[in-house]
Amino acid sequence: MLGNFHEVSVKSDDLVSSLMFYEQLGFAQLETGDVWEHGYAVVSDGDIVIGLHQHDFDSPALTFVRPDLKNYAYALKRARIKPAFQKLADDEFNELGFADPSGIIITLLEARTHGPPPDERMPSLCGSFLEVSLGVDDVESAAQFWESIGFAVVGSSDAAHPAKRLARDGLSVGLHQTRCPRALSFIGNDLEGRMEFLETKGFTPRRGTPIGHGADLISPDGTRLLLFEADWI
């Protein structure tokens, strides 16, 4: 329904600082096109793609590519999905966005704005990408919304709080019925060892997260990266 996953779009007031942060973590920079008039850079670890935009918008957003977007906008209207914004004129790059129950914006573009991620996974110092974590008021109703736009439930838990993970096209979204900031979550072995190594590299991870035992690392652009043990699912 949404098309192909493209990137997690993040607002960055300082592209140089943001790029340096992600590259020091082990992310690789991707080639970008000239669609946007604002500053734009993209990084990836082979699993997740993060687009850094020097532009004011509701960040982060989940961005997909959907060809023939203008006609597809009518299908969204029939599904009673109300756009938060849309640019569909013949003389402009077509895009539109709508919000999920947690308020995060899902953006659809008419075409790609950067090159593909590397073929091989390159786990960063954060570990392997797990999910985009979202706090929701009601995990069941939120899951129904994500299922209605083409995602499928791949896991659930009630251990610490009601939670469901849904996935499609290489993107996993974690719905957590608790107070949780929007974040990118990663898993890996030896959390304590990873934190100590990050500290030797000049990063400042903090112990504890809103959704479980782990660590919290904040990027210069304000994006929260949550780090967990490999068995945290």
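None of the figures in this text is laboratory data; all of them are computed from the coordinates on show. Owing to the predicted nature of the structure, the values given are computational and were not obtained by experimental measurement. Neighbour counts run over all protein chains shown; Cβ positions are idealised from the backbone, glycine included.
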Region 128-229: relative contact order from alpha carbon pairs under 8 Å, six or more residues apart, as a whole percent, is 27 percent
Here FRET efficiency (C-beta to C-beta, residue 141 to residue 179, R₀ 22 Å, nearest 0.05) is 0.80
Across 162, 60, 117, the residue with the highest GNM fluctuation in the chain (Cα network, 10 Å cutoff) is 162
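Any chance you could run the full-extension gain for residue 231 through residue 153? It's 0.36 nm times the residue separation minus the Cα-Cα distance, nm to one decimal.
Gain in length upon complete extension: 26.2 nm.
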Final fewest-first order of 37, 7, 147 on the 10 Å Cβ neighbour count is 37, 147, 7
The simple spin-label model distance between residue 84 and residue 190, using points 7 Å out along Cα→Cβ, in nm, is 4.0 nm
By the Cα gyration tensor axes a ≥ b ≥ c (a/c under 1.5 gives rounded; else a/b larger than b/c gives prolate, otherwise oblate), the shape of the chain is oblate
Residues other than residue 71 with Cβ under 14 Å of its Cβ, Lys/Arg counted +1 and Asp/Glu -1, net out at +1
Region 4-109, convex hull of Cα, quarter of hull surface, nm² -> 7.3 nm²
Cβ density ranking, 10 Å radius, fewest first, applied to 82, 164 yields 82, 164
Among 159, 215, 28, the residue with the largest mean-square fluctuation in a Gaussian network model of the chain built from Cα contacts under 10 Å is 159
Counting only DSSP beta bridges fully inside the chain, the antiparallel percentage to nearest 5 is 70 percent
At the level of C-alpha centres, the distance separating region 133-196 and region 1-45, in angstrom, is 22 Å
Here the relative contact order (percent) of region 38-110, from C-alpha pairs under 8 Å and at least 6 apart, is 30 percent
For residue 136, the residues 5 or more places away or on another chain with a placed amide H closer than 5 Å to its own amide H are 176, 177, 178
Scoring the chain by relative contact order with C-alpha pairs under 8 Å, at least six apart, yields a percentage of 18 percent
Once the in-chain neighbours fewer than 8 apart are removed, the aspartates and glutamates whose Cα is under 19 Å from residue 164 read 100, 131, 137, 138, 140, 147, 229, 231
